[in-house]
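Data block below; observations after.
Where a number appears in this text, it was derived from the coordinates with a stated rule and is not lab data. Note that the coordinates shown come from a computational prediction; the quantities given were computed from them, not determined experimentally. Here the Cβ positions follow ideal geometry from the backbone for every residue, glycine too, while neighbour counts run over all protein chains shown.
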Amino acid sequence: MQDILESVVVTLHAICLLIISTIRNCFPMGWLLRKDVRGQTVLITGSGSGLGRLMAFEFGKLGARLVLWDINEQGNKETLKELEAMGVEAKAYTVDLSEYKEINRTADLVKSEVGKVDILVNNAGIVTGKKLLQCPDELMVKTVSVNTNALFFTTKNFLPGMLESNKGHIVTIASMAGKCGVAGLVDYCASKHGAVGFNDSLASELYALKKDVKTTVVCPIYINTGMFDGIATKWPTLLPILSPEYVVDCIMEAVLTDRAFLAIPKFSYIFIALAGLLPTEVLNLYGDHFGITHSMDHFKGRQSRQA
Ligand SMILES: NC(=O)c1ccc[n+]([C@@H]2O[C@H](COP(=O)([O-])OP(=O)(O)OC[C@H]3O[C@@H](n4cnc5c(N)ncnc54)[C@H](O)[C@@H]3O)[C@@H](O)[C@H]2O)c1
């Protein structure tokens, strides 16, 4: 009897959470209370360009102190310079995230030079854009090192400080490629599935610990940052290439309102639900119909632009 009663209570609680989450996902942004990040330290990996740089500017505008990590020293310096011109306190570190010893070394440096990190944004990422049989082994290994393995080590270094103060936030910039498979993105999709799995397990561990450290995982479709230059979707109205500014607005909203999962654009939620239900043959048929199967055929990537 006790078990049945408990199950009823849990189910009612689950229904309330489902309603709240559906309202948050469906309504326009901007109406929820946002947390205050003034004076907090935000570490962003991959801050030398694209989403990482734009997120640094947004956190800077809100009064946060920035710690910038990138392998691209020049790009990172440019981000730093712009932040300083905005009057934002920031420090840049050159670090190769594919080397875990370098992550550990740089994290120790940050802890001694800056102190505790309150919000960690695991954003850095790479893509080879090559089909499995054409992709050099070392590039596949590097993709997984940067897109997945680095998350273990950045988080292992900065989570203890958050647990100690019972406050903090780990943000994982994954991708819709972490929720489905796409031709020409075998290593990338595998690494982003790893990033989603990392976030989900971490969220579960934190829930079990009953600690107030939040997690957010972000799954956008293609974005016009340069990383995926050359890709094309057959039906751009249905499958648009997103603007980095729009994506960063959505990410900021999600982080500041402690949202656990963000897919961009909104119709992706329907896709994710269907992808869990439909057989692979049907998914492949629709993938072909909507041009996703061939979206990487003319991929050029970052080489065609400045970082
Ligand atoms: N652009 C897209 O279409 C798209 C779509 C979904 C998800 N994402 C994800 O968003 C994140 C940001 O991507 P972006 O579009 O801003 O791309 P970007 O290329 O502009 O930014 C990635 C940053 O990561 C840095 N980086 C790469 N390798 C590194 C390493 N070994 N060590 C340290 N830094 C390294 C790069 O120097 C760069 O500054 C990535 O994780 C990417 O996978 C991008």
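Observations
- Cα centroid of region 188-238 to Cα centroid of region 59-73, whole Å: 20
- Within region 1-99, the chymotrypsin sites (Phe, Trp or Tyr not before Pro) that combine a DSSP coil assignment with at most 11 other C-beta atoms in a 10 angstrom radius are Trp31.
- Considering only Val110, Ile44, Leu209, and ranking their Cα positions along the charge dipole of region 35-304 that arises from unit charges at the beta-carbon of Lys, Arg, Asp and Glu, the one farthest toward the positive end is Leu209.
- Positive-end extreme of charge dipole, the chain - chosen from Cys250, Asn123, Leu185 (charges on Cβ): Cys250
- Net charge, Thr22 excluded, C-beta distance under 14 Å - Lys, Arg +1, Asp, Glu -1: +3
- Contact order normalised by residue count of the chain, Cα under 8 Å, 6+ apart, percent: 17
- Choice from Thr215, Thr293, Thr41 with maximal GNM fluctuation in the chain (Cα, 10 Å cutoff): Thr293
- Looking at region 35-304, the pairs of alpha carbons with a distance over 36 Å make up 12% of the total.
- Over all other residues within a Cβ to Cβ distance under 10 Å of Asp212, the charged ones net out to +3, with Lys and Arg as +1 and Asp and Glu as -1.
- Test item: Cα-centred dipole of region 35-304, Lys/Arg +1 and Asp/Glu -1 on Cβ, debye: 300
- Using just its DSSP H runs of length 4 or more, each adding -39500 (n - 2.57), the chain gives a mean residue ellipticity at 222 nm of -15500 deg cm²/dmol after division by all residues.
- Cα centroid separation, region 156-179 to region 243-263 (Å): 15
- Computed over region 150-261, the Cα gyration tensor eigenvalues convert (square root of 5λ each) into semi-axes of 29, 16, 11 Å, ordered from largest to smallest.
- Principal axis dimensions, largest first and in whole angstrom, of region 1-108 by Cα: 63, 36, 23
- Every Cα-Cα pair in region 84-196 was counted, and those over 17 Å apart are 59% of them.
- By the combined test of axial Cα extent (at least 15 Å) and Kyte-Doolittle hydropathy (mean at least -0.5), the qualifying DSSP H helices of the chain come to 2-26, 50-61, 150-165, 186-209, 244-256.
- Dipole orientation for region 35-304: of the candidates Ser98, Gly87, Tyr286, Gly87 has the Cα lying most toward the positive pole (charges on Cβ; Lys, Arg +1; Asp, Glu -1).
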